Amino acid sequence: MDLYRAHVLVCGGTGCHSGGSSDILASMETEIAKSGLDKEIKVVKTGCFGLCEVGPVVIVYPEGTFYSRVKVEDVPEIVSEHLLKGRKVERLIYKEHDKAGDQSLENISFYKSQVRIALRNCGVINPENIDEYIALDGYAALGKVLTEMKPQDVIETLKASGLRGRGGAGFPTGMKLQFCANVPGDEKYVVCNADEGDPGAFMDRSVLEGDPHAVLEAMAIEGYAIGAHTGYIYCRAEYPIAVKRLGIAIKQAKEYGLLGKNIFDSGFDFDIEVRLGAGAFVCGEETALIASIEGERGEPRPRPPFPANSGVFRKPTNVNNVETLANIPRIILKGADWFASMGTEKCKGTKVFALGGKINNTGLVEIPMGTTLREILFDIGGGIPNGKKFKAAQTGGPSGGCIPTEHLDTPIDYESLTAIGSMMGSGGLIVMDEDNCMVDVARFFLDFTVDESCGKCPPCRIGTKRMLEILERIVAGKGKPGDIEKLEELGAMIKEGALCGLGKTAPNPVLSTIKYFRHEYEAHINDKVCPAGHCKALKRYTILTEKCVGCSACAKVCPADAISGQIKSPYVIDQDKCIKCGACIEKCKFGAIEVK
Amino acid sequence: MATVTADKAKVDELKAYIAEHKGIKGPLMPIIQKAQEIFGCLPIDVQDVIAEEMGIPMTDIYGVATFYSQFALEPKGEHVIGLCMGTACYVKNSQPILERLRKELGISEGATTPDGKYSLDATRCLGCCGLAPVMMIDDRVYGRLKPDDIPGILAEYK
């Protein structure tokens, strides 16, 4: 193997890729070759580093220099200064807002409190090279399982580790495997649920893009445990990079004999196929996903029978989420006790969250269960940008709820989040500040679920639509007394009556915003005011007489003829005619128009 | 407009794919995906070819083709503009950008301009939340958008 004096890691995750990292990579290779350094320095395209906010990211080892928001034009300077002459390019080094001094990777607060298990290889290895995965103990767990362990040992290890499903429901992984192993039959399936539909969540995508072999290895381990020989990865079609890298990984694993017939000479056969989704949120629900793999409309089926008894092609099937799987090889190698030593009493290990919205450090973080939301948002996430005030964080996406300031110190695990009216969900964590209207956010999520409801059961199909209509009325300033109670009543009925997880959880964003921000609903309905100043229909434009010079620019641009007055004296807006388009405020050069 | 199945080479390509894949388990989704890749959309006559070749009722195919949002029965415009309406983008004000796109293009989301040049979609989360608010035109991603960026970006595709 060739030895290099330095490694340049260029992030190839979706965020950085969208920011132009493939051009940076190409230019880096050309510039290094031009300087005659290509025998000394290796350029590696890795998976996601996690700190997407400051992408495209380039890291230079051995120093661990963290270059952020790199542009193609910066590459020659990095090569000639840093790589050739050993002088770091200071202006590109990532700097935290309130810190000076050494800012190499391990000293950045974003990374300091993280514990990376599922993300262990993301941003470390080249995901398109199986040798790099193997060099970091890749496929050692599969080897151990096939040569030293009985199927039941594998299940016992996972049971003892306390690993629970990371897709949101938190069902114990070992137990699920046990159910499936107990069903007789030699045609069984392992399914990886990579249909990450929660908007604002991209943990699974990063694992698939950054460490695809970990998922393949775990699926083979599960296959051995339950006696299955075929695995399906059901991946969102919106993730083209993940799909491509999975394809490469499967091909390489087959070439190495790590998938296919007689793996490790153990007599165990296992093959994996990728199936693509086509844009249906409900397919993240396991029975709908199974229907989709079979080539049908992705409509959920009533449970029981559970997939462990009757899943893909009506055969026993074990369905796990990507992040759950990514934990498994580590648990096998390091033992159940190691994994169980992290986390809270009922929730072991770590959880990956995708931080997004109004937060300084947008990106992926992996923290031990039991970490508080405050630590995630303010220590790791770097707080709220532009000096704004934190209002709430939404976990669990359209199925979850909001967490207000008073619950910031709740240690995060499945039970504690459910207790405060939210849920763990798959790990999307969207932060909202004082400018976000909670009623409108609830409307946004309902709009999503109404659109994504498959239509099979009436509570979800009709109930969510009625809730959405009420919410639309409220944000349009036409709310009526009794609307809040109606929302609560409908919400409770839908939760009770819906067929699948999508419907059962759809009212959560509404119910939790009513629980914590009832006053915002009341202000919309009773006072026709949006406290956050967000809802357009409730905005009120007024001209400040002391600032208005009477230039008439606003009156000329107003499409509704709502502004009138005499030249050189202050103008006024007729509130009944105003359509709140904001054209006047854009035109006014004197800052004389106020919006509330 | 001539039907898309007038292109015999494309029909043969689809038929060959079906012949090769109809034996696998659960073949319908991959076949419909391939058909959309070949023809760009799934009008009734394309569905007819699939039904014929697979020997299944066309209602089955229509059911699947209309269930998933990525399958289109009508052809899309020359450039497909997808504005992300995921949560992270929404809380970072993607709505005013959507309004600007509607204004500049003169169409609502889900529609194509009369000249067939642009289609506008409000898409699900594109997963680059670090760049929010985000829009994709064809395969290119534009991030950290402001409404005033829109005319300049659209001008690149004139």
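Figures for the structure shown
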read-out: For the stretch A:194-284, convex hull of alpha carbons as volume per residue, Å³; value: 88 Å³
read-out: Percentage, to the nearest whole number, of Cα pairs in the stretch A:116-156 over 11 Å apart; value: 70 percent
read-out: Average other protein chain Cβ within 10 Å of Cβ, residues A:172-181; value: 0
read-out: Cβ-based exposure ranking for B:Phe39, A:Phe268, A:Phe313, in which fewest neighbours within 10 Å come first; value: A:Phe313, A:Phe268, B:Phe39
read-out: Ranked packing of B:57-68, A:76-87, most packed first, by mean Cβ within 10 Å; value: B:57-68, A:76-87
read-out: Computed lengthening from A:Tyr111 to A:Ser552, 0.36 nm per intervening residue step minus Cα-Cα distance; value: 153.3 nm
read-out: Per residue Cα convex hull volume in Å³ - calculated over the stretch A:350-433; value: 73 Å³
read-out: Gyration tensor verdict on the stretch A:208-353 (Cα atoms; rounded if a/c is under 1.5, prolate if a/b is larger than b/c, oblate otherwise); value: rounded
read-out: Taking A:Lys346, A:Lys580, B:Lys8 and counting other C-beta atoms within 10 Å, the order from fewest to most; value: B:Lys8, A:Lys346, A:Lys580
read-out: Dipole axis of chain A (+1 Lys, Arg; -1 Asp, Glu on Cβ), positive-most option in A:Leu136, A:Ile380, A:Leu158; value: A:Ile380
read-out: Residues B:Arg140 and A:Ser564, FRET efficiency given R0 of 45 Å [Cβ-Cβ distance, rounded to 0.05]; value: 0.45
read-out: 5 angstrom amide H check on A:Val191, placed H, neighbours 5+ away; value: A:Tyr232, A:Asn318, A:Val319, A:Asn320
read-out: Label-point separation in nm, A:Asn129 to A:Lys150, each point 7 Å along Cα→Cβ; value: 4.2 nm
read-out: Spacing of the two label points (7 Å from each Cα toward its C-beta) at A:Ala476 and A:Lys389, in nm; value: 3.1 nm
read-out: Per-residue Cβ neighbour rank within 10 angstrom, fewest leading, A:His519, A:His7; value: A:His519, A:His7
read-out: Shielding by partners, peptide B:61-68 (average Cβ within 10 angstrom, other chains); value: 4
read-out: For A:Asp271, residues with placed amide H under 5 Å, excluding near neighbours; value: A:Thr230, A:Gly231, A:Gly260
read-out: Shielding score for A:437-443, defined as the mean number of other chain Cβ atoms within 10 Å; value: 1
read-out: Expected-Rg normalisation [2.2 N^0.38 Å, Cα atoms] applied to the protein assembly as shown; value: 0.99
read-out: Label-point gap, in nm, between A:Asp337 and A:Glu273 - each point 7 angstrom along Cα→Cβ; value: 4.3 nm
read-out: Of every Cα-Cα pair in the stretch A:438-527, the percent that sits beyond 20 Å; value: 25 percent
read-out: Within chain A, helix-based [θ] at 222 nm, where runs of 4 or more DSSP H residues each add -39,500 (n - 2.57), nearest 500; value: -10000 deg cm²/dmol
read-out: Under Karplus coefficients 6.51, -1.76 and 1.60, residue-wise ³J(HN,Hα) of the stretch A:578-595 in Hz, glycine/proline x; value: 4, 9, 6, 7, x, 4, 5, 5, 5, 7, 5, 8, 10, x, 8, 10, 10, 10
read-out: Two-site FRET efficiency, B:Ala111 against A:Glu469, from Cβ-Cβ distance with R₀ of 30 Å, rounded to 0.05; value: 0.80
read-out: Bridge type composition, the stretch A:350-433 - antiparallel percent by DSSP, nearest 5; value: 80 percent
read-out: Karplus-derived 3J(HN,Hα), 6.51/-1.76/1.60, for each residue of the stretch A:359-364, Hz, glycine and proline x; value: 9, 5, 9, 5, x, 9
read-out: Sequence-separation-based contact order of chain A, relative, with Cα cut under 8 Å and 6+ spacing, percent; value: 11 percent
read-out: The stretch A:267-396: C-alpha gyration tensor shape, a/c 1.5 cut-off, then a/b vs b/c; value: oblate
read-out: Rel. contact order, % - alpha carbon contacts under 8 angstrom, at least six apart, chain B; value: 19 percent
read-out: For chain B, share of DSSP beta bridges that run antiparallel, in % to the nearest 5; value: 55 percent
read-out: Derived scalar couplings ³J(HN,Hα) [the stretch B:12-18; Karplus, 6.51 cos²θ - 1.76 cosθ + 1.60; whole Hz; x for Gly, Pro]; value: 5, 4, 5, 4, 5, 5, 5
read-out: Per-selection Rg to Rh, the stretch A:539-595 - Cα, Kirkwood hydrodynamic radius; value: 0.89
read-out: Shape call, the stretch B:1-110: gyration tensor on alpha carbons, a/c limit 1.5; value: prolate
read-out: At R0 = 45 Å, FRET efficiency that the Cβ-Cβ distance of A:Asp574 and A:Arg461 yields, to 0.05; value: 0.60
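Bear in mind that the values in this text are calculations on the coordinates, not laboratory data. All values derive from a computational prediction rather than experimental measurement. Virtual Cβ from ideal backbone geometry, glycine too; neighbours counted across all protein chains shown.
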